[in-house]
1. Would you pick out the residues in the stretch B:9-25 that are within 12 Å of DNA strand D (Cβ to nearest atom) and either among the small types (G, A, S) or in a helix (DSSP H, G or I) (or both)?
2. Would you call A:P111 open to solvent by 20 Å² or more (accessible area, probe 1.4 Å), outside the structural domain of A:V36 (by TED's automatic domain parsing) and either over 25 Å from B:A105 (Cβ atoms) or in contact with a helix residue (DSSP H, G or I) (Cβ under 8 Å, 6 or more places away or on another chain) (or both)?
3. Please work out if B:T83 is in contact (Cβ under 8 Å) with a residue 12 or more places away in the chain and within 11 Å of chain A (Cβ to nearest Cβ).
4. Give the stretch A:44-59 a look and list any residue that's assigned to a helix (DSSP H, G or I) and within 10 Å of DNA strand C (Cβ to nearest atom), or say none.
5. Going through A:A14, A:A55 one at a time, which residue ends up being surrounded by fewer than 16 Cβ atoms within 10 Å (Cβ to Cβ) and without any contact (Cβ under 8 Å) to a residue 12 or more places away in the chain?
6. Test A:R81 against the criterion of being open to solvent by 50 Å² or more (accessible area, probe 1.4 Å) and away from DNA strand C (no atom under 14 Å from the Cβ), and give yes or no.
7. List pairs: first residue in the stretch A:31-42 and facing another protein chain (nearest Cβ under 9 Å) and assigned to a helix (DSSP H, G or I), second residue buried (at least 16 other Cβ atoms within 10 Å of the Cβ) and of a type in the set (G, A, S) anywhere in the structure, Cβ distance under 7 angstrom, at least six positions apart or on different chains.
8. Looking only at the stretch A:80-97, how many residues end up being hydrophobic (A, V, I, L, M, F, W, C), over 16 Å from B:D124 (Cβ atoms) and away from DNA strand D (no atom under 16 Å from the Cβ)?
Number of protein chains: 2
Amino acid sequence: MRWRDLGGEECSVARTVSVIGDRWTLLVLRECFLRVRRFEDFQARLGITRPLLAARLRKLVGAGVLERVAYQERPLRHEYRLTPRGLDLHPVLMAIVHWGDTHLAPDGRRPLLHRHKPCGHLFDPVMICSECAVPLHAREVTVEPGPGGGSRTPHRAAEAEPPSPRRRARRPGATSSG
Amino acid sequence: MRWRDLGGEECSVARTVSVIGDRWTLLVLRECFLRVRRFEDFQARLGITRPLLAARLRKLVGAGVLERVAYQERPLRHEYRLTPRGLDLHPVLMAIVHWGDTHLAPDGRRPLLHRHKPCGHLFDPVMICSECAVPLHAREVTVEPGPGGGSRTPHRAAEAEPPSPRRRARRPGATSSG
DNA sequence: TTGACGGGTTCAGATTTCAAACGCACCCTG
DNA sequence: CAGGGTGCGTTTGAAATCTGAACCCGTCAA
């Protein structure tokens, strides 16, 4: 499977990963949520190379996560801002930050603290069940096929493949007949 | 900045990305949360090449996200299972899945549904503030430096760099005493 | 002894990513 | 209008990574 095929996978993780699943994209998005909007600013803050930044921004715009809007006319200049779809990535970033804070910060010394404006407190993000509002635990979640899943397993249909050699065609001339 | 330097960055996003920030790692983790544990199973379900799978598993074990435990003695065989640290990545995966379900599923037809065992309902993950329990919105969150952040800005210290050529060495001697 | 299974490793060749230089439109100065 | 500066990206080779296929190892079943 190639990366560019990921978007066609029958799995929301794969599809999302095809949009944000590389090292730079997530860092670009981090900057977006920190109100960075301009090419030069992304470049200076991240140390990303210009070609890669241009490619990432183009991809994110194409995915509808960012939009390119003019902030001045002459000379024409654009900035990149999060669309509603991009803003919806906030929980992903918060979850990532929280995991890093919890498990990768030396001595638990967090690089950044988050404050919730409505209540005014420093906070941690907590993921809850939309139905019963209880915090989620991995072991208490099960999956089942949804309307967009055509196969019998919750994954991609591993068995629906064409009659490919079992695992890795061990012997060059062994698969002549069964 | 190289990928391998990311772990040293003063940012939890960068540090987390250095662990999970590539296309395959997130898909491997998806399978882990779906109770897949064995090399051959990962390989068959994902279509990942063997060398890459081996490298990813090794990396995740090294990061303490997975552990390699024997499930039989003769012949000695191991399986990969999530550690507590790995289980803590659940919100990241849930956030990713939810975004994909919301924005990338054709006609909103989700490939997979999630059920919360304690309450028995199909659910969506919701991220709330740990202090006031209100759902988070990107625009209502601000950041400030934490104990693990040494610089004046909430980002990495863009000015604290060694005297490297600016970006494109435009003006050789401009910042002599700043 | 041969074949199969589970779990990897090695190796050559195709992609991607990197870093630096270059191009272009525009503004300001003289 | 020439000359220099800015903002934003593209082109260009070299370096790193990924892919695909084969190979190796230990054990068991026939």
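The values are calculated or read from the model by the stated rules, or taken from the named source; none is laboratory data. Just so you know, these numbers come straight off a predicted model, no measurement behind them. So basically every Cβ, Gly included, is an ideal-geometry build from the backbone, and we count neighbours across all protein chains shown. Just so you know, the surface numbers come from the protein's heavy atoms only, side chains and all, with ligands and any DNA or RNA stripped out. Shrake-Rupley method; radii C 1.70, N 1.55, O 1.52, S 1.80 Å.
1. Within the stretch B:9-25, B:S18, B:G21, B:R23, B:W24, B:T25 meet the criteria.
2. No: the conditions fail for A:P111.
3. So B:T83 passes the test.
4. A:R50, A:P51, A:L52, A:L53, A:A54, A:A55, A:R56, A:K59
5. Matching residue, one of A:A14, A:A55: A:A55.
6. Considered against the rule, which asks whether it is open to solvent by 50 Å² or more (accessible area, probe 1.4 Å) and away from DNA strand C (no atom under 14 Å from the Cβ), A:R81 comes out as yes.
7. That search, which allows pairs on different chains as well, returns A:F33/B:A138.
8. 4
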